[in-house]
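Working notes for the structure below.
We did not get these values from a lab; they are worked out from the coordinates using the rules stated. As the structure is a computational prediction, the values presented were derived from the model and not from experiment. Cβ atoms come from the backbone with ideal geometry, glycine included; neighbour counts cover every protein chain shown.
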Amino acid sequence: SGPGTYTAVNIAPWIITVGASTIDREFPADAVLGDGRIFGGVSLYYGPPLPDFKLRLVYAGDAGNRYCYMGGISPSKVQGKIVLCDRGGNARVEKGAAVKLAGGLGMIQANTAESGEELIADAHLVPATMVGEIAGNKIREYVKKSPFPTATILFRGTVVGPSPPAPKVAAFSSRGPNHLTPEILKPDVIAPGVNILAGWSGFAAPTDLDIDPRRVDFNIISGTSMSCPHVSGLAALLKKAYPKWSPAAIKSALMTTAYTLDNSGSTIKDLATGEESSPFVHGAGHVDPNRALNPGLVYDIDNDDYIAFLCSIGYDSNRIAVFVRGPTGSDICEGKLATPGDLNYPSFSVVFYSNDHVVKYKRTVKNVGTSVDVVYTAKVNAPAGVEINVSPSKLEFSGENKTLSYEITFASDGLGLHAVDSLQAFGSIEWSDGVHLVRSPIAVRWAQGLKDSI
């Protein structure tokens, strides 16, 4: 439901919430204009090629409907031509079907601001490609200003490589902040979810359209419906490696070992904006299976912790008793958390309200590394406008002390806040023993009243 804020809905802390990212495999299909300019796009089209000369190019908005609805474009205006259709309004592959029905020979599908530079490869019914918003705007301008606009599409098969950099977060990937409990950072991680090779039912066409007669055993699919199974599979591998680990420990391992840099060494970008993504977009980062097998420390949570969390956000004993197995009564909420942010979560989300300049959270970590006697030291990358104190800043584990706790204090710095460009800022805390790096993202938001009062 991205790219808008507050669109992540699977936000309970016992759920791992997975965003979708790109991989380093592309299916390039270039849009080549009559003036020689080439714009990179993507496509899974496989079928009869276009003629080996450029065809007349027409904008669908000048032929009845910019979105290329079925039956909405004029055959007399598009017959024998390549049609430029805007993304949105209807299914991407349906646009090509509408072009084909009207007698068009090909399609260039152009993103609008809503999808930005996100490119999704589809098994089109006509020779077609999808280009980003920047290229789309230039192609629309070319059609408008050229007396005789022409184009063709050059399909280049499958390309695996470092360019463009990957991963990037898909524009469709749902975003935080968490609309129900702002003290719990969501999403948790991102995983491959764009142009993924997946098994496909023979009962449906690869485009899911009734007019598509093709049947395949595998398809290229995009969605968080692809990224979530990747993480489910990783959880299964971790459960096999560590049968006694709880679901929360597995989740912690996946989150604290995730990475936030792409394969070019830059911060993972957001395809919706083209800018760097934030923890409200990528969570703790992109999952790393090999590192997750050796996380060093884990933040564990059990059922009693979740009950204490529910009590802290306003659920009473009677409501909780409905789904808690075992003895019930008024004492269910006796051990409730002082704040929902005290749940032993592997990430930090902080909200400063008008009269609240200091926020304190507690955390407990368990040493699951091979070395029993080990010392972890905290390194803080504080968000702009925030002072952070970790106490203690060193955790000394031993055979007797496998589990240790710390308190982290976030203080809104009135002077530093003037440097904050928006009402949110991001950082991280990293615990390291020289071998393991246990990283937790930090997301901070200011209520409007506090910012205005400074």
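Place a point 7 Å from the Cα of Ile134 along the Cα-to-Cβ direction; which residues of the range 147-178 have their backbone N under 19 Å from it? 162-172, by backbone N distance to the label point.
Counting Lys and Arg as +1 and Asp and Glu as -1, each charge on the Cβ, what is the dipole of the chain about the Cα centre in debye, to the nearest 20?
Values: 40 positive and 44 negative charges, 259 e Å.
That gives the chain a dipole magnitude of about 1240 debye.
The simple spin-label model puts a point 7 Å past each Cα toward its Cβ; for Thr370 and His357 those points are separated by 5.0 nm.
Given the peptides 40-51, 400-411, 220-231, arrange them by the average over their residues of other C-beta atoms within 10 Å, most packed first. Show your work: numbers first, answer last.
Values: 40-51: 17.3, 400-411: 14.8, 220-231: 19.9.
Descending mean neighbour count gives 220-231, 40-51, 400-411.
For Ser225 and Lys394, what does the FRET efficiency come to when R0 = 35 Å and r is the distance between their Cβ atoms, rounded to the nearest 0.05?
Values: r = 43 Å, r/R0 = 1.23.
With a Förster radius of 35 Å, E is 0.20.
Note on Lys240/Lys144: beta-carbon distance plugged into 1/(1 + (r/R0)^6) with R0 of 60 Å gives a FRET efficiency of 0.55. For the range 18-89, taking Cα atoms only, Rg and Dmax work out to 14.8, 46 Å respectively.
In this simple spin-label model, placing a label point 7 Å from the Cα along the Cα-to-Cβ direction at both Arg319 and Leu423 gives a separation of 2.5 nm. Note on Lys81: lysines with a C-alpha under 22 Å away, same-chain residues under 8 apart excluded, are Lys54, Lys95, Lys100, Lys138, Lys144, Lys145. The range 298-316 and the range 207-226 have Cα centres lying 41 Å from one another.
Compute the Rg to Rh ratio over the range 25-160 from the alpha carbon atoms, using the Kirkwood formula for Rh, and round to two decimal places.
Numbers: Rg = 13.0 Å, Rh = 14.2 Å.
With Rg and the Kirkwood Rh in hand, the quotient comes to 0.92.
For the chain, what is the percent of antiparallel DSSP beta bridges, rounded to the nearest 5?
70 percent
How big is the charge dipole of the range 25-160 about its Cα centre, in debye rounded to the nearest 20, if each Lys and Arg gets +1 on its Cβ and each Asp and Glu gets -1 on its Cβ?
Numbers: 16 positive and 13 negative charges, 80 e Å.
I would put it at about 380 debye.
With the cut-off at under 18 Å, measuring from each backbone N in the range 392-407 to a point 7 Å along the Cα-to-Cβ line of Val435 picks out 395-404.
Per-residue extension of 0.36 nm, minus the Cα-Cα distance of Ser264 and Val160, leaves a gain of 36.0 nm for this segment. Sequence-distant contacts, meaning Cα pairs under 8 Å at least 6 residues apart, place the relative contact order of the chain at 15 percent. If a spin label sat at a point 7 angstrom from the Cα of Tyr46 along the line to its beta carbon, the backbone N atoms of the range 104-146 nearer than 11 Å would be those of 123. For the chain, adding -39500 (n - 2.57) for each run of n ≥ 4 DSSP H residues and dividing by the number of residues yields -5000 deg cm²/dmol at 222 nm.
When the inverse distances between all different Cα atoms of the chain are averaged and flipped, the Kirkwood radius reads 24.4 angstrom.
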